[in-house]
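Colleague: Below is the structure I would like to discuss, written out as structure tokens.
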Amino acid sequence: MKIGIKSLGCPKNFVDTEVICGKLREKGYQINEKINNSDIVIVNTCSFIRDAVEESIEETLSLVKLKKEGKIKHIIVTGCLPQRYKNDNLSQEFPEVDAFLGVGDLLDIDNVIKRVLQGEQIFKVCPEPKFLYNHNTPRTILTPQHYAYIKISEGCQNNCSYCLIPQIRGNHRSRKMEDIIEEVKMLSKKQNLSEIILIGQDTTLYGTDLYGEYKLAELLKKLSLLGLKNLKWIKI
């Protein structure tokens, strides 16, 4: 079973794509570098601003065209687009898409694929995403070998009038400091990382939900004291 994957949008979404790839490889699927001639194509979408929505729709329509031409068999749309438009009947708007999967349901990708192969059309989007990966979550690093993104938190609680992040990604939730440190150690051992990039919708809020105070500075200090041989850069 060959699966092609395309990731749109920001580094946070890119990490989600890496998690999807990790889960698929854990289940024995083959990740196809080329979209054409894939049994299933997954596009992990962005919808934060209008341009991102348009790009996600255009990419979906290009896959629909390939499906009609017989070059791919199934289409799964994941990520922010179905999450943002969870009440807008996307399955009717895009009947050629076999499944829509929201940002909180990514680890269910294996079950969704099984149902798609049985002929089901699926729309699976939880109303309030709570998913937050940890160092044990399957993840295939897709960046060049010398660096990796580390998602330290997810979501946002500021609820600014101009921003959709809380609606799409849910409330702010931080990963435990020990879990982040363990992931950095694990990836550094596996890849000899020289650079890590800490990411989140609002990295300055890191730790406020878990520890009741801002903890980004402490996290940076602990990471810098790990003594990892090749790690030269910690970026935010």
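Colleague: Only helices at least 15 Å long along their axis, Cα-based, and averaging -0.5 or more on Kyte-Doolittle count here, so list those DSSP H runs from the chain.
Modeller: 11-26
Colleague: While we're on this one: Tell me, for the chain, which Cys residues have no other cysteine's C-beta sitting closer than 4.7 Å.
Modeller: Cys10, Cys21, Cys46, Cys80, Cys126, Cys156
Colleague: Suppose each label sits 7 Å from its Cα in the direction of the beta carbon; what would the Trp233-Asn111 distance come out to in nanometres?
Modeller: Each label point is offset 7 Å from its Cα along the Cβ direction, giving 4.1 nm.
Colleague: Put a dot 7 Å past each Cα toward the Cβ at Phe123 and Asp88; how far apart are the dots in nm?
Modeller: 1.2
Colleague: Which loop-located GluC sites (Glu not before Pro) does the stretch 1-50 contain, where loop means any DSSP state but H, G, I, E or B and the Cβ has at most 16 other Cβ atoms within 10 Å?
Modeller: Taking the stretch 1-50 and a limit of 16 other Cβ atoms within 10 Å, the loop GluC sites (Glu not before Pro) found are Glu33.
Colleague: Next question. Can you give me the long-range amide H partners of Ile75? Hydrogens built in the peptide plane at 1.01 Å from N, cutoff under 5 Å, separation of 5 or more residues or another chain.
Modeller: Those lying under 5 Å, H to H, from Ile75 are Val41, Asp98, Ala99.
Colleague: Turning to a different aspect of this structure: Can you tell me how the stretch 127-236 classifies by the Cα gyration tensor, rounded, prolate or oblate, using a/c under 1.5 as the rounded cut?
Modeller: It comes out prolate by the Cα gyration axes.
Colleague: When the gyration tensor of the stretch 183-236 is built from Cα positions, what are the square roots of 5 times its three eigenvalues, in whole Å, from largest to smallest?
Modeller: In descending order the semi-axes read 23, 11, 9 Å.
Quick note: the coordinates plus some simple rules give every number you see, no bench work behind them. Predicted, not measured: the structure shown is a model, and the values here were computed from it. All Cβ positions, glycine included, derive from the backbone under ideal geometry; neighbour counts span all protein chains shown.
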